[in-house]
There are 2 protein chains.
Amino acid sequence: MRGQALKGHLDLLLLAIIADSPKHGYAVIEELRTRSEESFDLPEGTVYPALHRLQKAGFLTSEWSEVQGRRRRTYLLTKHGHAALSEQRQSWDEFSSAMGRVLKGAPWPSTP
Amino acid sequence: MRGQALKGHLDLLLLAIIADSPKHGYAVIEELRTRSEESFDLPEGTVYPALHRLQKAGFLTSEWSEVQGRRRRTYLLTKHGHAALSEQRQSWDEFSSAMGRVLKGAPWPSTP
DNA sequence: CTTGACACCTAGCAATCCAAGGTGTAGGTT
DNA sequence: AACCTACACCTTGGATTGCTAGGTGTCAAG
């Protein structure tokens, strides 16, 4: 249940999943759905272009293979991809903790 | 240090800050900077249009005033604004914990 | 032979953030 | 007098992004 609104952090998700083990697009979508416990149920039109973008940026490479008559494009991280991953992990941590600080509320108008 | 990339969650931040106490745009920017400990240093071109958007959506109302020769537009939450805030808080929680689950890594490939 | 899961793709829209410009006041410095 | 900085508001236009909506094709089950 739920779907949209993972604004801007998609790259991090994709890099993290593929870093754990190389995967093809369709499998990435499934993994994202199961790991997030159904929170992230991304349409193909979101994921495929994003993978292309990441490859074009030099973070992923891909290999074509054929499994039971279906062609697959399997992605894996480059060295730059690993660097980008740890960088984006870090900036996610900073971002989410900053969100936490803001959402917690003003400290001083109610301080006695 | 740092600035860009708070993708999509700006509305929540603005609603949360104004909910705590009504503020004008410039003050919102300052509050955002201090609460986040410099993580969020948003340009006016980001914040002002967002406030207009939120008002147009019925989440905020505004009042003009003049303080020492400077005109201010002070925003405060409507009933819908409060509803939107708690809704968006909730979906942020869900979002960030889903991010956490995904980033934590696959549970089964290393399970003995 | 149709449906559904698997597996890939693209074009084009809508939204969002931001850079870059603009206006004007008040208070200080030179 | 001229200038700068902080305060305080605004808009236009570009780039990026996520998704809708379409398309292709295979294989297995009904």
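Bear in mind these aren't lab numbers, they're just calculated from the coordinates by the rules spelled out. Computed from a prediction, not measured in an experiment: that's the story for all the values here. Cβ atoms come from the backbone with ideal geometry, glycine included; neighbour counts cover every protein chain shown.
Chain B's nearest residue to the axis relating it to A, judged by Cβ and reported with the distance in whole Å, is B:K7, 2.
Ignore the peptide's own chain and count Cβ atoms of other chains within 10 Å of each Cβ in B:91-99; give me the average, rounded. So the per-residue partner count for this stretch is 6.
When shorter helices are ignored and each DSSP H run of at least 4 residues is given -39500 (n - 2.57), the per-residue value for the protein assembly as shown at 222 nm works out to -18000 deg cm²/dmol. Close amide H partners of A:K23, meaning residues 5 or more places away or on another chain with modelled amide H under 5 Å apart, are A:Y75.
Basic side chains Lys and Arg get +1 at the Cβ, acidic Asp and Glu get -1 at the Cβ, and with that the dipole of chain B about its Cα centre reaches some 200 debye. Relative to the longest principal axis of the Cα atoms of chain A, helix A:79-104 runs at roughly 30 degrees. Between A:R101 and B:R101, the FRET efficiency from the beta-carbon distance, with R0 = 25 Å, is close to 0.65. Angle of helix B:44-56 to the longest C-alpha principal axis of chain B, folded into 0 to 90 degrees and rounded to 10: 80°. Taking the Cβ-Cβ separation of A:E87 and B:E44 as r and a Förster radius of 30 Å, what is the calculated FRET efficiency to the nearest 0.05? E between A:E87 and B:E44, to the nearest 0.05, is 0.60.
Straight-line reach from B:K7: taking Cα to Cα under 14 Å and skipping same-chain neighbours fewer than 8 places apart, the aspartates and glutamates in range are A:D11, A:E94, B:D41. B:G100 label point (Cα plus 7 Å toward Cβ) to equivalent points in the other copies: 0.8 nm, shortest first.
The magnitude of the dipole of the protein assembly as shown, with charges of +1 and -1 set on the Cβ of Lys/Arg and Asp/Glu and taken from the Cα centre, is near 360 debye. For A:S21 and B:T78, a Förster radius of 35 Å and the Cβ-Cβ distance give a FRET efficiency of 0.15, rounded to the nearest 0.05. Sorted on the mean count of surrounding Cβ atoms within 10 Å across their residues, most packed first, peptides B:62-72, A:55-65, B:15-25 read B:15-25, A:55-65, B:62-72. Per residue, the Cα convex hull of chain B amounts to 132 Å³. When the Cα positions of B:S91, B:Y75, B:Y26 are compared along the charge dipole of segment B:10-91, B:Y75 comes out farthest toward the positive end, with charges on each C-beta of Lys, Arg, Asp and Glu.
Neighbouring Cβ atoms from other chains, within 10 Å of the Cβ of residues in B:32-41, number 4 on average.
Label-to-label distance, B:E30 versus A:K7, with points set 7 angstrom from Cα along the beta-carbon direction: 2.6 nm.
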